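Below is one structure, written out as structure tokens, with a few remarks after it.
The values are calculated or read from the model by the stated rules, or taken from the named source; none is laboratory data. Please read these numbers as outputs of a predicted model, since none were measured by experiment. So basically every Cβ, Gly included, is an ideal-geometry build from the backbone, and we count neighbours across all protein chains shown. Just the protein is used for accessible areas: all its heavy atoms, side chains included, with ligands, DNA and RNA removed. Shrake-Rupley method; radii C 1.70, N 1.55, O 1.52, S 1.80 Å.
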There are 6 protein chains.
Amino acid sequence: MPIVHITRRERFSAAHKLSRPDWSAEKNTATFGKCSNPNWHGHNYELWVTVKGEPSPETGFVIDLSALGQALHEHVVRQLDHKNIDLDVPFMKGRLSSTENLAVAIWEQIKVPIEALGCVLHCVKVQETENNHVEYFG
Amino acid sequence: MPIVHITRRERFSAAHKLSRPDWSAEKNTATFGKCSNPNWHGHNYELWVTVKGEPSPETGFVIDLSALGQALHEHVVRQLDHKNIDLDVPFMKGRLSSTENLAVAIWEQIKVPIEALGCVLHCVKVQETENNHVEYFG
Amino acid sequence: MPIVHITRRERFSAAHKLSRPDWSAEKNTATFGKCSNPNWHGHNYELWVTVKGEPSPETGFVIDLSALGQALHEHVVRQLDHKNIDLDVPFMKGRLSSTENLAVAIWEQIKVPIEALGCVLHCVKVQETENNHVEYFG
Amino acid sequence: MPIVHITRRERFSAAHKLSRPDWSAEKNTATFGKCSNPNWHGHNYELWVTVKGEPSPETGFVIDLSALGQALHEHVVRQLDHKNIDLDVPFMKGRLSSTENLAVAIWEQIKVPIEALGCVLHCVKVQETENNHVEYFG
Amino acid sequence: MPIVHITRRERFSAAHKLSRPDWSAEKNTATFGKCSNPNWHGHNYELWVTVKGEPSPETGFVIDLSALGQALHEHVVRQLDHKNIDLDVPFMKGRLSSTENLAVAIWEQIKVPIEALGCVLHCVKVQETENNHVEYFG
Amino acid sequence: MPIVHITRRERFSAAHKLSRPDWSAEKNTATFGKCSNPNWHGHNYELWVTVKGEPSPETGFVIDLSALGQALHEHVVRQLDHKNIDLDVPFMKGRLSSTENLAVAIWEQIKVPIEALGCVLHCVKVQETENNHVEYFG
């Protein structure tokens with residue numbers, strides 16, 4: 001049976017900053033540059049979640065995309081969209097909001113719900129700007 | 001010798017629906033949602049075909065892209081573009097036109113012609129909308 | 001007071017064909033080419049609706065974008081998305097589904113609802129493929 | 001002599017919220033929805049500035065694009081990029097950071113510097129997300 | 001009768017430089033920067049041609065898009081694609097290949113052929129990179 | 001510890017041609033088509049460089065993206081942007097400027113500088129036009 005990868009895109013707009021409270025302002029600026037602006041900045045993030053599996057002989061689907069979309073909204077997008085990643089998002093508590101850390105945290109949020117839909121999670125891709133993105137394969 | 005992947009994009013606009021004739025209208029709607037609209041709907045599909053191989057020392061090419069384009073037109077695009085996937089496309093007969101099934105069927109259509117061009121087929125990617133796409137690696 | 005234009009994008013996926021029942025198949029093909037395929041084809045249409053007005057001193061808004069979005073969904077997108085433009089859409093009855101005619105018909109659908117939101121409708125833009133789009137200014 | 005319009009794109013990532021301090025939290029939420037999140041959210045804004053004039057017979061240029069870029073950086077992008085529009089940006093003080101108000105304020109910032117480069121400012125376009133943008137023509 | 005604008009996109013990849021033979025290398029560099037590189041550089045240009053008119057009651061078309069496409073290929077794209085704008089393109093002889101001059105020259109090339117198709121030429125838009133484009137309205 | 005892939009995009013505009021001096025004009029045309037135009041043509045190339053590693057517990061970064069950007073500018077972009085790949089670029093001397101060869105050469109240019117930044121180079125992707133791109137994984 002063929003294994004097919006299917007990817008769904010979601011989007012969220014959020015504020016964040018890169019800044020460690022245990023560091024001086026100088027060290028934060030030296031390390032994180034303009035991303036450490038004390039009053040935050042923000043992005044239109046794009047999220048691509050790729051799952052894999054065999055297409056069902058009955059439906060031709062690896063996964064019901066609207067069920068996948070609902071799971072992503074409940075576990076990820078609803079919590080991040082129009083929020084401050086550093087202040088408002090429980091699953092990012094205690095983590096610096098680098099795109100790398102965000103992708104890993106999203107993976108952890110959705111792995112179980114996606115398996116509950118009968119699929120294997122393959123990749124979480126997060127794009128912060130048109131010039132940089134991150135992929136995590138677990 | 002280095003192995004390089006090269007990808008060509010093609011596009012086709014087609015009608016389809018997701019609906020099983022052996023199911024009731026209710027079951028089709030419950031399963032396939034608005035994709036089961038009896039009078040069809042359609043998409044601007046994008047197709048990326050990735051092949052791999054060693055660049056020729058003579059030409060620098062893994063594959064002659066215009067030969068690849070011609071093969072894709074003959075075996076895929078000409079049959080799908082401005083057609084109804086469910087009614088007009090011989091290689092989709094008897095298959096539900098999910099994006100997953102479409103990617104697998106396109107792989108089957110082009111594997112031999114691409115090998116005849118001296119290359120290995122690596123991936124067929126089909127994008128149905130800007131929010132979802134499928135990849136098949138054989 | 002400044003006049004500002006604001007534009008909202010919506011998307012819909014629909015089937016259609018260009019074919020006159022009062023013409024022979026030959027004349028339809030000669031005139032409309034592959035767009036006349038009897039079993040339909042389809043597109044991911046993109047719709048941009050531009051309205052203009054003065055930003056409210058209270059809210060900074062020319063129009064409440066979510067109210068605009070709801071109006072577009074009710075009067076346009078809900079009727080076109082995952083439908084057959086030629087068979088399923090009351091406001092296209094008796095009109096050939098060229099992109100030009102579609103833009104004019106969408107204008108007629110939304111002019112009054114947008115004026116009811118206190119704005120002036122400026123432009124309806126419909127994109128059929130990445131290579132062609134239409135604009136109607138009333 | 002022909003009049004030509006030329007447009008340069010710039011980008012900035014910023015945090016903001018839509019919320020009036022003289023309104024209750026309930027009224028802010030009712031009016032501005034999720035855009036009123038107290039801890040801010042943010043966007044990757046895209047800015048297109050269009051100027052017009054006659055191409056110089058000597059250079060073929062309506063304007064030196066790098067001089068235009070420098071003016072935009074000095075008067076707009078440097079002040080907005082990786083900033084909080086509501087807290088960090090002097091030219092937005094006392095204005096709600098709707099995209100409409102932002103476009104008008106950017107116009108005011110750059111009109112004189114662009115005229116100093118020998119051109120006429122034609123349009124400021126600000127895109128907040130892929131689904132909405134604003135244009136201001138003065 | 002409604003007037004509708006319709007736009008077709010074409011693409012061409014070409015080499016060029018901005019450099020006046022009657023100027024010193026120093027003056028060319030000071031004026032045109034890296035665009036004056038003696039051995040040329042190049043771009044993937046995008047061309048959008050907008051025409052306007054009344055949709056035909058018979059076809060719903062302002063213009064036959066394939067006829068428009070053929071005219072653009074014959075008069076513009078065939079002459080520019082995979083060419084050196086400064087050396088290979090008769091209609092650019094004696095003109096600096098700024099995007100501004102290119103848009104004006106394309107307008108002159110296509111005005112008569114488009115009028116021969118029964119339409120009014122409205123705008124020629126040429127994009128040189130994702131960060132800059134030019135529009136000419138005649 | 002999780003391994004994360006991070007990708008940075010850079011762009012360069014360059015001229016080139018595909019043509020072997022040891023072949024006749026006829027053989028070059030037969031093999032390389034319009035890409036063999038003697039006076040060159042050009043593209044807006046897009047470059048995506050993917051590196052992988054563990055995010056630092058201190059910063060959340062796999063790599064400092066501005067350091068990566070500087071390395072790419074010094075070793076790749078500065079040498080290619082607004083240049084003729086066949087005449088001006090030392091690291092392409094003696095190689096046909098196919099996209100395949102370009103991706104392999106860029107890999108060779110940046111492997112050591114990227115390792116010096118404490119990362120593993122994973123992929124070099126070069127896009128020549130919106131319809132074709134190449135990936136090299138070493």
Name every residue in region C:51-60 that is touching a residue at least 12 places away in the same chain (Cβ under 8 Å) and either among the β-branched types (Val, Ile, Thr) or surrounded by 18 or more Cβ atoms within 10 Å (Cβ to Cβ) (or both), in order of residue number. C:Val51, C:Lys52, C:Gly53, C:Pro55
Give just the number: which of (1) under 26 Å from A:Thr59 (Cβ atoms); (2) among the small types (Gly, Ala, Ser); (3) touching a Cys at 6+ places or on another chain (Cβ under 7 Å) does B:Ala30 not satisfy? (3)
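Looking only at region D:51-93, which residues are part of a helix (DSSP H, G or I), more than 14 Å from chain E (Cβ to nearest Cβ) and among the hydrophobic types (A, V, I, L, M, F, W, C)?
Selection gives D:Ala71, D:Val76, D:Leu80, D:Ile85, D:Leu87, D:Phe91, D:Met92.
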Pull up region B:118-138, narrow it to residues that are open to solvent by 40 Å² or more (accessible area, probe 1.4 Å), out of contact with any His (no Cβ under 9 Å at 6 or more places or on another chain) and at pLDDT 95 or above, then point me to the one that is farthest from the other protein chains (Cβ to nearest Cβ). B:Val120
Counting only residues that are open to solvent by 30 Å² or more (accessible area, probe 1.4 Å) and more than 11 Å from chain A (Cβ to nearest Cβ), region B:103-112 contains a total of 3
Of the residues in region D:4-50, how many are aromatic (Phe, Trp, Tyr), assigned to a strand (DSSP E or B) and open to solvent by 20 Å² or more (accessible area, probe 1.4 Å)? 1
All but one of (1) closer than 25 Å to B:Phe32 by Cα; (2) part of a helix (DSSP H, G or I); (3) open to solvent by 10 Å² or more (accessible area, probe 1.4 Å) hold for B:Glu100; which doesn't? (3)
B:Gly69: of a type outside the set (S, T, N, Q) and at positive phi, yes or no? no
The number of residues in region C:41-60 that are more than 30 Å from B:Val89 (Cα to Cα) and in contact with a strand residue (DSSP E or B) (Cβ under 8 Å, 6 or more places away or on another chain) is 8
Quick one: what pairs do we get from region F:62-78, first residue in contact (Cβ under 8 Å) with a residue 60 or more places away in the chain and within 16 Å of A:Ser98 (Cβ to Cβ), second open to solvent by less than 20 Å² (accessible area, probe 1.4 Å) and assigned to a helix (DSSP H, G or I), C-beta under 7 Å, 6+ apart or different chains? none
